[in-house]
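Encoded as structure tokens, the structure appears first; notes follow it.
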Amino acid sequence: MKTINLIKVCIIVLLIPTLDTRAQNWSLSGNATGLTDFVGTTNSNPFKIFTSNSEAARFLSTGELGLGTTTPASWLHVAPSGSTESFRTVSTNADAWRMFRGTQEIGRLWIGNTGNAFNIYSTRGHLHLSTGAATTTTTNCAEFVGGTGSDRGWLGLGDWNNFSAQTNLHVHTSAASNAGLQLTNSTTGTSSTDGFRIINDNTGAVSLYNWEDKEIYFGTGNVGGGGSLSNRLTISGGTNYGRVGIGTNGPGAQLHIYDHTDGPNGYDDIGLMIEQEVTSSLSTAIGSRIDVAGGTGTTGMVIAVDNTTSNSGVTMYGIFNRCRNTGSSNVQNAYNYYAQNEAACKAAYKYGFVAEMSGANSTNSYGGYFSSTITGANNYGIYAIANSGSNVNYAVRGTTPAYACTTGTTCYNAAGCKKCGE
């Protein structure tokens, strides 16, 4: 027996150098491997990599790699400990990360060569942005139109499964609620009633709101290529809310039109023009109507014409009415001036026309002036009809000062006739 044990000991002693030589076949300074050589496991156990006697990485038997985790849930699962940075790529070239489906490239993430810009590039189709906790609750948020057409880069905000952007910026909501745009800054605040909002509500109405109780300006610019900007229309805020100024930033009435430019090509400089096309379906067409209610000194319209410059020989019209473009074969009445006091008007005195002139600087003053160049028809300076009634009715009634005519003048009696015998 002692002889057998001695033989076993000798065999073990002889095998030890051989085992040590096999263990050292993988060199720490590099190895030349064959086509069938590998580093890993030959069973279903995970392949582990240790640093500082602690596991740093693990390959599962199904191929998933975990860094900082022993249970990787994807092909690459990074779970850092004690660091806020999970992943970093460094590249001196433009492309940093390219993604493929099979052999077809789908997208890229890279640092641009110009200005170190960060680029997201969809190489096939549109670029979609979504949010959500899981696939079943994902909310589609935005879509950048891809391709090479003129619509490339258009942005659609909303559920991109239900619409596609039709302009450079298209905001859509799939619910029966408001869709809008809001602009705020540090001065206005950021609540729903701050800044400026454009809303298309669920009824189809469109609203523009300035929640800061300030003006809304509409302007044009780049006159002559100089790049200047001028306000053309103003909607007032504050105590004058609702006032609209055209050509002025400080409207003094609900509608204030100020024209301070010369008319083009010799045309009249007109502050306000109202034109209405009359069709055969209209029995009455009103170009303009002004209704005023309330007040002790109510005035429907006041038109003032000023000439405070040194211009001379200027003809000034307080009101200039013009009847144009009527067919000669039509049966119609043309009234250049028409005054009507309705039955509901209970004023003690009703006047169809009142002309008042004051001052002593005019050469001639006319309460009414008639001039006609019509031929082949009857022309009336005044055509007045007084219907019978319980009171005295006058077609025309005039009053003049007492007869005190001087030599070379003509006097008129109360009826507007020359003094008898003259």
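Matching residues to (1) exposed (fewer than 12 other Cβ atoms within 10 Å of the Cβ); (2) in a loop (DSSP other than H, G, I, E, B); (3) modelled with pLDDT under 90; (4) in contact with a strand residue (DSSP E or B) (Cβ under 8 Å, 6 or more places away or on another chain):
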residue: T167; (1), (2), (3), (4): yes, yes, no, no
residue: H170; (1), (2), (3), (4): no, no, no, yes
residue: A176; (1), (2), (3), (4): yes, yes, yes, no
residue: T187; (1), (2), (3), (4): yes, yes, no, no
residue: S191; (1), (2), (3), (4): yes, yes, no, no
residue: I198; (1), (2), (3), (4): no, no, no, yes
residue: T203; (1), (2), (3), (4): yes, yes, no, no
residue: Y217; (1), (2), (3), (4): no, no, no, yes
residue: R232; (1), (2), (3), (4): no, no, yes, yes
Exercise. Test each condition in (1) loosely packed, with under 12 Cβ neighbours inside 10 Å; (2) among the β-branched types (V, I, T); (3) more than 46 Å from the chain's Cα centre (by Cα) for V90 and report the one that comes out false.
Key: (3)
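The values are calculated or read from the model by the stated rules, or taken from the named source; none is laboratory data. Fair warning: this is a prediction, and the values are worked out from it, not measured in the lab. So basically every Cβ, Gly included, is an ideal-geometry build from the backbone, and we count neighbours across all protein chains shown.
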